[in-house]
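The values are calculated or read from the model by the stated rules, or taken from the named source; none is laboratory data. Fair warning: this is a prediction, and the values are worked out from it, not measured in the lab. Ideal geometry is used to build each Cβ from the backbone, glycine not excepted, and the neighbour counts take in all protein chains shown. Remember, those area values only see protein heavy atoms, side chains included, never the ligands or the DNA or RNA. Shrake-Rupley method; radii C 1.70, N 1.55, O 1.52, S 1.80 Å.
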Amino acid sequence: MILVAGAGMAGLVAAARLRELGRDVVVREKGTRAGGSMLLSSCVIWRHRDWSGFRRECPGGDERLQRVVWERLDDAIAWLESRGAPVVWHDTGNPRTVGKRFDPKGIVEALAGDVELRADGCIDGATILCTGGFAASSELVTRYVRPAASLRLRASPWSEGDGLRFALARGGRTGEGMDEFYGRNMPDASWDETQLVSSSQLYARFARVFDDDGVEFFAREDVSWSETNVVQATARRTGARAYYLLDAEALEQRVRDRTVAQMVEAAPAEARVAPSELPFDAPAGTVAAVRVIASITHTIGGLRIDERARVVGTDGLWAAGVDAGGIATGGYASGLAQALVQGLVAAEDVAAAGV
Ligand SMILES: Cc1cc2nc3c(=O)[nH]c(=O)nc-3n(C[C@H](O)[C@H](O)[C@H](O)COP(=O)(O)OP(=O)(O)OC[C@H]3O[C@@H](n4cnc5c(N)ncnc54)[C@H](O)[C@@H]3O)c2cc1C
């Protein structure tokens, strides 16, 4: 019997593939439902269009691992569709990337076999670790990411680093980029699980970005297309907070189907600040300001694995998805693509190894 720990994207994929290959599988899930953060996501599964673009965007990643994800993704997406996972968009709408948007509930329905829900998470005896990294552990985030203040979680609440701890205790090692994370700057106000996508403040490229102390710490021309770099920088400022300051021209800009003005108006009133009420003198021309906080969706660093998803330094242990590092290091890549491809790779290698 093969034990898969975690019934999010990577775990569901690994278990479904193992069943297809005729193996008996138990999937254990610590949360109250299957689906992990995938269920809360926009569910765009993508890769960079060009290999050189991927390397340029994520220069700190392990080239061999990146190659596996990049080369296998299109077939992996076709496999997902062949399982009956419903496609919502047939492209990403972003010229830099190729991929598809799926319906997350449909993925759970297409892949879920029996899932054992166990609040204690119990991963003793696990073969494939798919526990989704350590974003939900403020202790591990403080130790590895070292933000200036605790980061609000923008993901499902159960990924507390269990897979990481389990593998490290068995000889596993961490890879590069343990201090990196993928997240969004969110309004400094209350929001819930249903607003993780709609409340993201994704217009730093048009804003002037100041911290609580009135220091303009990030130039808008340096904001990456995914805005991940400004979020990571915000995490290191006082209170892990920033102010996005906007002039009239910035408010007219568009991000996808909305203007910046519409996004600002949609931000909760607690997070909108009149320029005269900022804790520092606003630059001339500022007409609107939003106080944002860095939030973490998932960690980027994780266990060092090889191309077959085996955890380096251990015997008989595989890791897939966010539990494994080495893909998006230094930049941004699709976490779902990593989870999908590595879930398949791990399952096929476990089956081939005759475990
Ligand atoms: C709002 C939002 C939007 C996103 N949009 C996108 C997007 O459009 N495209 C994209 O590529 N990515 C996106 N992501 C990221 C994507 O969801 C993750 O990269 C992906 O889900 C990672 O897959 P995973 O299997 O590693 O982790 P998860 O899918 O989170 O699954 C991990 C599972 O392990 C479980 N678990 C934890 N500890 C234990 C334990 N001890 N025992 C058993 N189970 C355990 C968790 O409860 C969870 O179910 C988004 C995420 C969020 C939150």
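Would you confirm whether any residue within the range 300-321 is in a helix (DSSP H, G or I), within 13 Å of the ligand (Cβ to nearest atom) and modelled with pLDDT of 95 or more?
Yes: one or more hits.
Scan the helices (runs of 4 or more DSSP H) fully inside the range 1-95 and keep the ones with 1 or more residues being within 21 Å of the chain's Cα centre (by Cα), at pLDDT 95 or above and near the ligand (Cβ under 8 Å from one of its atoms).
9-20
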Practice task
Identify the residue in the range 259-293 that is in contact with a Phe, Trp or Tyr (Cβ under 9 Å, 6 or more places away or on another chain) and in a strand (DSSP E or B) and, among all such residues, is surrounded by the fewest Cβ atoms within 10 Å (Cβ to Cβ).
Solution key: Val273
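Within the range 47-79, which residues are open to solvent by 20 Å² or more (accessible area, probe 1.4 Å) and among the aromatic types (Phe, Trp, Tyr)?
Trp51, Trp70, Trp79
In this structure, does Ile296 turn out to be more than 16 Å from Arg72 (Cβ to Cβ), open to solvent by less than 20 Å² (accessible area, probe 1.4 Å) and in contact with a strand residue (DSSP E or B) (Cβ under 7 Å, 6 or more places away or on another chain)?
In short, yes.
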Exercise for the section: Scan the range 96-136 for residues that are part of a loop (DSSP other than H, G, I, E, B), surrounded by fewer than 16 Cβ atoms within 10 Å (Cβ to Cβ) and within 11 Å of the ligand (Cβ to nearest atom) and report the count. Expected result: 5
Fill in the blank from the handout: Ala189 passes all but one of the listed conditions (1) out of contact with any Ser or Thr (no Cβ under 7 Å at 6 or more places or on another chain); (2) crowded, with 21+ Cβ neighbours inside 10 Å; (3) in a loop (DSSP other than H, G, I, E, B); the exception is number (2)
Practice task
Pick out the one residue from Thr174, Thr194, Thr228, Thr238 that is surrounded by fewer than 20 Cβ atoms within 10 Å (Cβ to Cβ) and within 14 Å of the ligand (Cβ to nearest atom).
Solution key: Thr194
Exercise for the section: Can you give me the number of residues within the range 129-180 that are among the charged types (D, E, K, R), farther than 13 Å from Gly301 by Cβ and either touching an Asp or Glu at 6+ places or on another chain (Cβ under 7 Å) or without any contact (Cβ under 8 Å) to a residue 60 or more places away in the chain (or both)? Expected result: 3
